[in-house]
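A quick write-up on the structure given underneath.
Bear in mind these aren't lab numbers, they're just calculated from the coordinates by the rules spelled out. Keep in mind it's a predicted model, so treat the numbers as computed, not measured. We place every Cβ from the backbone using ideal geometry, glycine too, and count neighbours over all the protein chains shown.
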Ligand code: NAD
């Protein structure tokens, strides 16, 4: 049954810190999808935020009334959700982890301003390296793990589902498969749980008839893992899919949908890992993180997940967190 939280016209306020390609595309998808009642764009480049807000406002007659404005940190104070997309982005051939020092420095400036005087917002981290910055935000804000969530491998999981769907010729919404661990070079595909319409591999393969080899399967994961490198080489940045992915996370939170997504959260002993943020399938609802799902992994998958966690712990150590 529909209730106020599920209503398409919920007047929720979202602040987006960083109005670059990802932040502005997110503001746009939030109004197209009618998820937000109000969007505030905050950027060190005030003109950029102002220009993006004006451009998006002119789309309103084709969507629904929403307020999109450029603002300052004070204007983000009573937000339901604050999304941070500010910071340096990867250049051609650069890894996400190489951004760590630059973006931790920026977060040291931003996060205290966002929580100054207290905030009830849930904070969603999108800037890279997203797992490191989610942990840094938790520590700087002193908020509970329920309220500081990273987009993590939400995008990688979408890429995995898309690649599998293209290979199998099936609607990607019928493909269920996770990428867990780091949003980056050590991310882990969970082949043991991947399925199409409930039918696992290799059972699905025997009825699909396309005759995929082990090499084809590895090719699927290579395309997922290297997608950002490929897209950045081709067009300089990635922003459409992450914007819609973050919009889905925001919708799940605001409308208390209990949606399962592979978000980056603080681990507290799951899979024997603690004191690092990385992605596992979690349920998202009005309080942010509702539950971390317990997923059975093969020994190889557990090992790869621990390796991913160790890489992220090293990155955190390198910036003294
Ligand atoms: P961009 O360069 O287009 O935009 C970054 C914006 O941050 C700029 O407008 C800049 O002025 C602003 N900024 C910098 N320092 C700031 C500060 N102290 N306060 C406020 N604003 C500040 O970059 P982009 O393509 O939008 O990417 C943004 C981030 O998102 C990057 O770190 C990128 O790697 C990351 N990203 C993450 C994912 C994901 O899946 N998590 C996907 C794509 C991009």
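Annotations
- Part-to-part distance (alpha-carbon centres) for segment 143-216 and segment 44-84, which is given in Å: 34
- Highest-fluctuation residue, 256, 300, 80 considered, GNM on the chain with Cα pairs under 10 Å: 300
- Judged by the gyration tensor of its Cα atoms, with axes a ≥ b ≥ c, segment 85-191 is prolate; a/c meets the 1.5 cut and a/b is the larger of a/b and b/c.
- Mean Cβ count within 10 Å, highest first, over the residues of peptides 114-126, 283-295: 114-126, 283-295
- Cα shape, the chain, gyration tensor, a/c 1.5 rule: prolate
- Degrees separating the helix 214-225 axis from the principal Cα axis of the chain, which is the longest one: 10
- Three-way shape call for segment 226-321 based on the alpha-carbon gyration tensor, with the a/c threshold at 1.5: oblate
- Candidates 197, 309, 89: whichever shows maximal mean-square fluctuation once the chain is modelled as a Gaussian network with Cα springs under 10 Å: 197
- Taking the helices alone, the chain has a mean residue ellipticity at 222 nm of -12500 deg cm²/dmol, built from -39,500 (n - 2.57) per DSSP H run of at least 4 residues and averaged over all its residues.
- Burial ordering of 261, 60, 249, fewest other beta-carbon atoms within 10 Å first: 60, 261, 249
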